[in-house]
Amino acid sequence: MHICPRCESNRSEVVTRSPVKGAWEVLLCPVCLFTWRTSEPDSITDPAKYKSAFKVNPKDIPNAAHVPPIPERI
């Protein structure tokens, strides 16, 4: 089990795996929607080393500003 570096949820899910067995996995946090690859540096993958300025409190997510949809290409 992997802990999300951004919100520290323990609910991360494997999205895909490297074609080379064991090289890396891509993980997704269903709480804050952060996605990361296990082969990235500790500053991205380790919750203790992830920059506090980019941390998300799961309690704040329902109150986050609405992100507008991406307009269609013309």
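Some points to look at:
- Residue in segment 1-51 that is surrounded by the most Cβ atoms within 10 Å (Cβ to Cβ), counting only those that are in a loop (DSSP other than H, G, I, E, B) and touching an Asp or Glu at 6+ places or on another chain (Cβ under 6 Å): Thr38
- Residue check for Phe54: out of contact with any His (no Cβ under 6 Å at 6 or more places or on another chain) and either surrounded by 14 or more Cβ atoms within 10 Å (Cβ to Cβ) or of a type in the set (A, V, I, L, M) (or both): no
FYI, it's all coordinate maths here, none of it is from the lab. Being a predicted model, the structure only gives us computed values, none of them experimental. Glycine gets a Cβ as well: all are built from the backbone with ideal geometry, and neighbour counts include every protein chain shown.
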